[in-house]
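What follows is one structure encoded as structure tokens, with my remarks underneath.
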Amino acid sequence: VHLGSQALKQGKTVVHYTLELQDTVVGNRYDSCISEVPLGDLFHNKKQGLFKIKDIPGQLIIKEYPTSTANANHFRVLLDELKLKRSFVPDIIFIDYINICSSSRLKANGSVNSYTFVKAIAEELRGLAGEYNVPIFTATQLNRTGSVSSDVGLEDTAESFGLPQTADFMFAVTSTEELEEMGQVLIKQLKNRYNSATVNRKFIIGIDRSKMKLFDVKREEYDDLSDSNQEDNDVAGNGFDFRPSKFKADTSGWKL
């Protein structure tokens, strides 16, 4: 939601597929992130007619599908329909989330294991991104080992190692009790086909869950991280920069 909101503020067109939350819930999260009104106050403000969002040049489409029913073909149909009827061509697509999508090639049954099934979904979504020349962001979960680990790796991906094998860029978001108290999370690059994953391998960013927002944390505000190899910038996140200023007008310049 934070990344989508920043794209909207820059005049980008965003498609957000949700297979877990209702589209109205996702919409409220966008409203909260853009307006910086906490989610807890959002409903009251809307009811009282106090909520308005102005001067957002981008366009957002949120499409909800039941869990485990939509595959790349369903996503493709909506993209083609939006282009034909509304001349709407997305600059970035979010899918929440890959493990509860379905495959257009394989049926989820006892004869197909999770490795093969999730890998097939990942390949289909990667093909969709290439077909429409648009970056696709999605999420996955950690397995049992990774969920209790303070230093996760690609091997801690749940259900299928075929997913990180297919992804072009992958990072983990983890937290501890100490980070939670400070409103921060740890980002660790796991895979990066666009740049060296050793540059800014680990860094801290701030998070405000009440407003669905991420924000920069100065390096001096947290201790050095082992093997982080930070360089050439005094703001955390140079390897994958969440600052709006780093999202170029041309999508080919985005650090994705």
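The values are calculated or read from the model by the stated rules, or taken from the named source; none is laboratory data. Because the structure is a prediction, the values reported are computed rather than measured. Cβ sites come from the backbone with ideal geometry, for glycine too, and all protein chains shown count toward neighbours. Quick note on the areas: whole protein, heavy atoms, side chains included, nothing else; ligands and nucleic acids left out. Shrake-Rupley method; radii C 1.70, N 1.55, O 1.52, S 1.80 Å.
Name the shape class, rounded, prolate or oblate, that the alpha-carbon gyration tensor gives for region 16-58, where a ≥ b ≥ c are the square roots of its eigenvalues, rounded holds for a/c under 1.5, and otherwise prolate holds if a/b is larger than b/c and oblate otherwise.
Verdict is oblate for region 16-58.
When the Kirkwood hydrodynamic radius is evaluated over all pairs of different C-alpha atoms of region 85-189, what value in angstrom, to one decimal, is obtained?
15.4
Can you give the accessible area per residue of region 72-197, in Å², using a 1.4 Å probe? Provide the component values of the computation, followed by the final result.
Details: 6750 Å² over 126 residues.
Solvent-accessible surface per residue comes out at 54 Å².
Compute the Rg/Rh shape ratio of region 26-111: radius of gyration over Kirkwood radius, all on alpha-carbon atoms.
Here Rg/Rh amounts to 1.08.
If Rh is defined by the Kirkwood formula over all Cα pairs and Rg also comes from Cα, what ratio Rg/Rh do you get for region 40-79?
The Rg/Rh ratio comes out at 1.18.
Under a point spin-label approximation (7 Å from Cα along Cα-to-Cβ), what is the E178-S68 distance to one decimal in nm?
4.0
For region 53-188, with all protein chains present and a 1.4 Å probe, just round the carbon and sulfur fraction of the accessible area to a whole percent.
Using a 1.4 Å probe with all protein chains present, region 53-188 comes out at 50 percent carbon and sulfur.
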